[in-house]
1. Express in nm, to one decimal, how much length is gained between residue 51 and residue 170 on full extension, taking 0.36 nm for each residue of separation and deducting their alpha carbon distance.
2. Once both axes come from the Cα atoms, what is the angle between helix 138-149 and the longest principal axis of the chain, in degrees from 0 to 90, rounded to 10?
3. Which of the three applies to segment 83-164, rounded, prolate or oblate, going by the alpha-carbon gyration tensor with a ≥ b ≥ c and a/c under 1.5 meaning rounded?
4. For segment 83-164, calculate the relative contact order in percent as a whole number, restricting contacts to Cα pairs under 8 Å that are 6 or more residues apart.
5. What's the long-distance tail for the chain, i.e. % of Cα pairs beyond 22 Å?
6. I'd like the distance separating the alpha-carbon centroids of segment 141-157 and segment 1-66, in whole Å.
7. Suppose each label sits 7 Å from its Cα in the direction of the beta carbon; what would the residue 70-residue 115 distance come out to in nanometres?
8. Sort 86-92, 168-174, 69-75 for me by packing, meaning the mean count of neighbouring Cβ atoms within 10 Å per residue, highest on top.
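All of the numbers you see were taken from the coordinates with simple rules; none came from a lab. Since the structure is predicted, the reported quantities are computational estimates derived from the model, not experimental observations. Don't worry about glycine lacking a Cβ; one is built from the backbone with ideal geometry, like all the others, and counts go over all protein chains shown.
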């Protein structure tokens, strides 16, 4: 039995789950998520917990067992508490500002870059150098954060650009010949 897949998912008080064949809908205070799963994996609600089990012990179903349980746990957590990712902007002249529901990024280009969030995602500029990406769907939050980081990833020499909060950027040394002083 899968170590991850066999763990039950506890349902918070305000979260409801509706299961129709292989389609699962999770509703909570933050929103609603709906997703379909493989029919070989059975999903049931017992005693305030979601229990996931598999039909056979083949390798593909063992993998799907743990995956299904993890995705369901993220759906429950998302509609109950939500997910957040923070991005930091590093560099002279690099900044961000909120305009309505979108953000405008000055990231070292000749033009400002406008980022419009997809439905279900909220973008907030927390100061001139910090972006907060939040929503109920963990996959969407991560994908939007990755797309914003891809606008200008951190430079390998100076570290300028957009990075995840807490990300360690390894800086390369510059030219070795320039550190010695004047050329003779």
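1. 38.5 nm
2. In the chain, helix 138-149 runs at an angle near 10 degrees to the longest axis.
3. prolate
4. 36 percent
5. Everything past 22 Å amounts to 59 percent.
6. Computed from Cα coordinates, the inter-centre distance equals 32 Å.
7. 2.4 nm
8. 69-75, 86-92, 168-174
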